[in-house]
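Okay, so here's the structure we're looking at.
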Amino acid sequence: MNVLTFNAGSSSLKYGIYSVDSERVQPIFSHAQAMEPTAAGASAATDAALASLLPTNISFEAIGHRMVFGGPEDTPTLASPALFKRLERYERLDPLHAPASLAALRTTHERFPQIPNVLCFDTAFFRELPESARVLPIENDEPEFLRRYGFHGLSYEYVRATLGESLGSRAILAHLGSGASLAALRDGRAVESTMGFSPIGGILMATRPGDLDPGALLYLLEERGKSTADLRRMLEERSGVSALSGGERDLRRLLERRTDPRAAFAVDVFCRSVIKAAGALAALLGGLDSFVFTGGVGEHLAPIRSTIVDGLAHLGLHLDSEANARHAAIVSTASSPVTVRVVATDENATIARATSALVHPSAERCL
């Protein structure tokens, strides 16, 4: 079957049509366009795609969408009034992603009510996290909801399905982009993530701070008179690489300005954040067999990969500089104890696979 997919991110709408059969997911058409990260922006971009940007000679039998936060019930789900009502809460919890994702889903559901519309969640990849990785060490009367989840799961699922057993028993996957995280896999199953209840924590990101001492937030609330709305804007839009560099969030542009002390500092802190997290995950796994870079930064910025791998050399990561410069599939040396890979992720392919599996549950499908 052919599946139309939509991925409403924080700055763009990625969509495509994929052919899904018993053997593979094959892209037929794909496109991306700039989008305001709001419900109105996502609706307008989705309307434009449906009205004039999709190929008219390719039909589709189902539509799949990405949603970042799924809560405890995060298996792929058909769009329905009950689903929209349940997810309204998440628009408040994840205002950077959820309103746009739900707006795109509402748009296609209204336009094609006769076609199955399926919502796929990033958090589903981490459903099997051990309890010790899920728990939040606070007084908590909602432990099934208020807990650590993990994000970028659609990307990680694509990487896992693409590499299969070549990941080895102990693997770290690093999705590095505007949003960024690392996941630890043992025998192909997620056992830890750098993110938690929300996509704000973990490693440093373009506009999000990553892990932050909550005492700093209490100080801003109690001593500086900041409101919760002020803190949310700061944490979602004005922190991370952008705050350190003086306003630039794009690591590619910062690499071009390495003579600028603030640009160099922001790049160094980003890499340090990844190295620190990777070291902790490697300790949890008891060593490494493979390390995988993916996401826009991980796939395309060789200097970032080089700095991170150099910082992890004591764990057995040895970089092949020539292979790294040309963005090869394997960028480690032949003698490196840990294989370092680069995988161009495709979240929409994962969405297409999950959508098809829900619509035709009797069919076994793989990437």
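The values are calculated or read from the model by the stated rules, or taken from the named source; none is laboratory data. Bear in mind that the values here come from a model prediction, so they are computed numbers and not experimental data. Methodologically, a virtual Cβ is constructed for each residue, glycine included, from the backbone with ideal geometry; neighbour enumeration extends over all protein chains shown.
Of all the listed residues (Leu217, Leu204, Leu221, Leu185), the sole one being touching a strand residue (DSSP E or B) at 6+ places or on another chain (Cβ under 9 Å) and more than 24 Å from Leu251 (Cα to Cα) is Leu185. In segment 217-281, counting only helices (runs of 4 or more DSSP H) that sit wholly within it, the ones holding 1 or more residues that are surrounded by 13 or more Cβ atoms within 10 Å (Cβ to Cβ) and acidic (Asp, Glu) span 228-237.
Which of the residues spanning segment 91-105 are part of a helix (DSSP H, G or I) and surrounded by 20 or more Cβ atoms within 10 Å (Cβ to Cβ)? Explain how you work it out, then say what you get.
Initially, segment 91-105 is screened for residues part of a helix (DSSP H, G or I), giving 91-93, 98-105.
Of everything in segment 91-105, those that are part of a helix (DSSP H, G or I) and surrounded by 20 or more Cβ atoms within 10 Å (Cβ to Cβ) turn out to be Ala98, Pro99, Ala100, Ser101, Leu102, Ala103, Ala104, Leu105.
Are any residues in segment 66-96 modelled with pLDDT of 90 or more and among the acidic types (Asp, Glu), and if so, which ones? Answer for segment 66-96, where residues must be modelled with pLDDT of 90 or more and among the acidic types (Asp, Glu): Glu73, Asp74.
A Cβ distance below 6 Å, combined with a sequence gap of six or more or placement on separate chains, defines the contacts here; from segment 169-192, residues that are more than 15 Å from His152 (Cβ to Cβ) reach residues that are small (Gly, Ala, Ser) and in a strand (DSSP E or B) in the pairs Val191/Ala184.
Can you name the residue in segment 305-345 that is of a type in the set (Lys, Arg) and touching a strand residue (DSSP E or B) at 6+ places or on another chain (Cβ under 7 Å) and is also surrounded by the most Cβ atoms within 10 Å (Cβ to Cβ) among such residues? Filtering segment 305-345 for residues that are of a type in the set (Lys, Arg) and touching a strand residue (DSSP E or B) at 6+ places or on another chain (Cβ under 7 Å), the one surrounded by the most Cβ atoms within 10 Å (Cβ to Cβ) comes out as Arg305. Note on segment 22-78: among residues that are of a type in the set (Asp, Glu) and over 16 Å from Leu119 (Cβ atoms), the one that is surrounded by the fewest Cβ atoms within 10 Å (Cβ to Cβ) is Glu23.
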